[in-house]
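Nothing in this text is a laboratory measurement; each read-out follows from the coordinates by a stated rule. Values in this document were obtained by computation on a predicted structure and should not be read as measured data. Neighbour counts run over all protein chains shown; Cβ positions are idealised from the backbone, glycine included.
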Amino acid sequence: MSEKQKKQKLTPVQQEYQALAKRIEPKRTTFKNCVRAFLSGGIICLIGECITKAFITWGGFTEKTAGNPTVAIMVLLSVILTSFGVYDKIAQWAGAGTAVPVTGFANSMASAAIEHRSEGVVLGVGGQMFKVAGPVIVFGTVAAFIVGIVHMILQFNGTGAGS
Amino acid sequence: MTLRGHQSWIFENKPRIFGSASVVGPFEGQGPLANDFDIIHGDLMLGQSTWEKAENKLIEEAAKIAIESAGLTKEQIQFYVGGDLLNQIISSSFAARTLSIPYLGVFGACSTSMESLALASLIVNSGSAHYALAVTGSHNATAEKQFRYPTEYGSQKPPTAQYTVTGAGAAVVSKHGEGPLITSATIGRVIDMGITDPFNMGAAMAPAAVDTIQAHFRDLRIEPGHYDLIVTGDLAKVGYEIASELLKKHHIPMNQTDFRDCGMMIYDYENQSVQAGASGCGCSATVTYGHLLKQLRAGTWKRILVVATGALLSPISYQQGESIPCIAHAVSIEYDGTN
């Protein structure tokens, strides 16, 4: 529903009240949140970069193969911090900075798994683990599919014009 | 007749709070009202295996201590009126199973504290019981789990968000004995101003609080100056400011009295990161049965009006885009040292 349609459904009294409430509510500090997200997200990526470099220098990995073990370590770190109840505290400060990298994804799964452990391993952990992460996977896959098709069509046209 | 005006009750037979108790979690114990609570738990789990069991224990403990403080045993209590925030009010019903007192489960979201106290007072006032127990509680982790995200999930809360109190409060209402009198109650209407953001409960609930406060003054034909203190349940900073503005707009002279909010009293804004303030039915329950009753007994105030506010949403209703209907119930408590 668009913002305009929503407004039309409200009575004049409701509209007047919402205008009053909007005036008093503190605004989300968007600029500050962006700066914090940039810094914290950057620091997480820097840590990831250091781990990759370490794998290449001492582990005998190449630039290409170091990616997977790096992600595994970042996920492990995130799950440990989630388990100790620290990740959500950092996230309140960092916002998107801790939500966007792979650590945020790991946190969403670990937190749901911990939360629903009391409802059993199968229905609790198994059933609820993707409660928060599920939409990311579903729409990530759908988006990748669409982009893939567009890419294929463009490539097809490209090669068709060339020959 | 008990009914006064459209929606208020005057309790002419002087029901009183004979015993009371408040039990809280560790985070509330770090707040400015720590000295007024009967038990502060150091462990958020309360030594239980699940959050839900912990909430259940909070409620049971508050009930037991309140009964003890009145010098009674649970067999002497005729009725137990109570509720909480969980689906099917399991915490209260499970506590009633343990206590085995005839039980009326009520749900008014965070307004349950005053809803149950008003009903318990009505039962005692009408002569339907010698003693009635009103208990309300909430737990931060169970509320977060049911209404929002997993507790350890890293989501950034907006400045309008509120922090659910871990705590339970209980009162034994009696016709006899010594204690603060419950003089009147006003039952609120459901008010919906079309707010749909569950992270902005204060703004959703403020109009309900204002409606009930106005109805109370109208029905009883009194002014705010009748009370030394008027407190709302859990509007927190945002809702409190909106409510103050609305009352001013409706020409209610709130400057005659001290107008506060329980959701702004229980935590320390400087050192505890709670965004707008506290919420949950444990908020008004622990602040009223802990802090406010102690101050009444100490003589700080003689007459107070507690207006507990509740947001009647469910996790499904807001996901379906429904707005948040809200309610508020007011109960007036008096103590002059000779009751």
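Build a GNM of chain B with springs between Cα atoms under 10 Å apart, and of B:Glu152, B:Glu115, B:Glu245 the one that fluctuates most is B:Glu152. Rounded to the nearest 10 degrees, the inclination of helix A:67-83 to the longest alpha-carbon principal axis of chain A is 50 degrees. Taking a sphere under 13 Å around the Cβ of B:Ala143 and counting the other residues whose Cβ falls inside, with K and R at +1 and D and E at -1, yields a net charge of -4. Helix A:134-162 and the longest principal axis of the Cα set of chain A meet at an angle near 60°. Peptide A:12-24 is shielded by partner chain Cβ atoms: per residue, an average of 5 of them sit within 10 Å of its Cβ. FRET efficiency for the B:Glu270 to B:Ile10 pair, using the beta carbon distance and R₀ = 25 Å, is estimated at 0.05.
Equivalent ellipsoid of chain B: semi-axes from √(5λ) of the C-alpha gyration tensor, largest first, are 27, 25, 18 Å. Roughly how tilted is helix A:30-58, in degrees to the nearest 10 and between 0 and 90, from the longest Cα axis of chain A? Its long axis makes an angle of about 10 degrees. For the segment A:106-113, counting C-beta atoms of other chains within 10 Å of every residue's C-beta and taking the mean gives 4. Across chain B, C-alpha contacts under 8 Å between residues 6 or more apart give a mean separation that, scaled by the residue count, equals a relative contact order of 25 percent. Let me check I've understood the local charge: for B:Val24, count other residues with C-beta under 10 angstrom from its C-beta, Lys and Arg +1, Asp and Glu -1. What total comes out? Summing Lys/Arg as +1 and Asp/Glu as -1 gives -3.
Taking only Cα atoms and a 10 Å spring cutoff, compute GNM fluctuations for chain B and point out the largest among B:Gly310, B:Gly179, B:Gly225. In this elastic network of chain B, the residue with the biggest mean-square fluctuation among B:Gly310, B:Gly179, B:Gly225 is B:Gly225. GNM on chain A, C-alpha springs below 10 Å: top fluctuator among A:Val125, A:Val150, A:Val86? Between A:Val125, A:Val150, A:Val86, it is A:Val150 that shows the largest mean-square fluctuation.
Highest average first, the peptides A:64-74, B:27-37, B:184-194, B:162-172 ordered by how many other beta carbon atoms sit within 10 Å of their residues are B:162-172, B:184-194, B:27-37, A:64-74.
Across peptide B:279-291, the average count of Cβ atoms from other chains found within 10 Å of a residue's Cβ is 0. The calculated FRET efficiency for the pair B:Lys294 and A:Val102, based on their C-beta separation and a Förster distance of 41 Å, comes to about 0.20.
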